[in-house]
Amino acid sequence: MHATLIPTFALGIPGTPTSAIILGAMLIAGLTPGPELLARNPVTVYTVFLGLFFGTGLLWLLGMVTTNAWAKMISLPAPIIGISIIVLCTVGAYANRGTMFDVGVLLVFGGLGLLVRRFGYSGPTIVLGAILGPIIERNLRLSLILSNDSPVTFLTHPISLALLLAAVALMGVVVVTKRSSRAAARRAAAAAQQAGGGNSETSPDGPGAGAPDRDGGSTASEPEEEYIATATETKPQTSREGVTR
């Protein structure tokens, strides 16, 4: 995570959802990320990095001491953990400004997060879009003003053109990869279904072997019935001969 803060501070491009949250906190505090951030606010940047280093060491010490306790907490039932998280989040949202509006915002976005997860969308992508959206719109508006409202300027400059082509290529790779993975999954499922059907047809016991009869038992073959009848008939004779002797 520390490495992703370099492009976050230098270019305003977060590499992870955590760095995107840090970028949003910087914008709320009035700090504009970019090449001039270190020159204008060097104390803030160095304080953030020193805090991250000390925080990493502190987390290591706490992890060594409290690992068993966290392991036992994870073994608790899921409803208890979920209710505890909801209570803590609600208390924290209300304690921020002391208004129920913040609690309502918490509930609305919590439900939105459930819907996003239910339908398979990416939550971190939405967070990145919400944070980077205003920055992109502001810079887009500035670029259009400088080019007299001509969007062709993004195609005439080599840097913007290279970024646009890279974005289109990345989207194409994602689409092709998803389609190929779905096609491979379908082929694997079809092959497994065919293999299962072939095994059932070529069973060594035959199609009628071991078939249950109407009374619920299994039907014996004719040689087995003859052997049982012969054994039943010869057993009393053997016992009578032994008694006579």
Exercise. Going by the structure shown, is L23 closer than 21 Å to N139 by Cβ, touching a residue at least 40 places away in the same chain (Cβ under 8 Å) and surrounded by 15 or more Cβ atoms within 10 Å (Cβ to Cβ)?
Worked result: yes
Exercise. Right, L163: closer than 23 Å to P14 by Cα and surrounded by 11 or more Cβ atoms within 10 Å (Cβ to Cβ) or not?
Worked result: yes
For this session: Within region 181-189, identify whether any single residue is polar (S, T, N, Q) and within 22 Å of the chain's Cα centre (by Cα), and answer yes or no.
Result: yes
Seminar exercise, completed: Taking first residues from region 39-56 that are closer than 18 Å to T18 by Cβ and second residues anywhere that are part of a helix (DSSP H, G or I) and basic (K, R), the pairs with Cβ under 9 Å that are 6 or more apart or on different chains are none
Seminar exercise, completed: N96 vs (1) modelled with pLDDT of 85 or more; (2) over 20 Å from A20 (Cα atoms); (3) not assigned by TED's automatic domain parsing to the domain that holds A25: all pass except (1)
Problem set entry | Filter result for T32 (over 18 Å from A3 (Cβ atoms), surrounded by 11 or more Cβ atoms within 10 Å (Cβ to Cβ), modelled with pLDDT of 85 or more and over 30 Å from the mean Cα position of the chain (by Cα)) | no
Exercise. Out of all the residues in region 1-11, which are surrounded by fewer than 19 Cβ atoms within 10 Å (Cβ to Cβ) and either among the polar types (S, T, N, Q) or part of a loop (DSSP other than H, G, I, E, B) (or both)?
Worked result: M1, H2, A3, T4
Exercise. So which residues in region 95-149 are over 32 Å from the mean Cα position of the chain (by Cα) and among the hydroxyl-bearing types (S, T, Y)?
Worked result: T99, S143, S147
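Residue-wise test of (1) modelled with pLDDT under 85; (2) surrounded by 11 or more Cβ atoms within 10 Å (Cβ to Cβ).
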| position | (1), (2) |
| --- | --- |
| V103 | no, yes |
| L106 | no, yes |
| G110 | no, yes |
| P124 | yes, yes |
| L128 | yes, yes |
| E137 | no, no |
| L140 | no, yes |
| L144 | no, yes |
| D149 | yes, no |
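The values are calculated or read from the model by the stated rules, or taken from the named source; none is laboratory data. Since we're looking at a predicted model, the values are computed, not measured. Please note: Cβ atoms are built from the backbone with ideal geometry, for glycine as well, and neighbour counts cover all protein chains shown.
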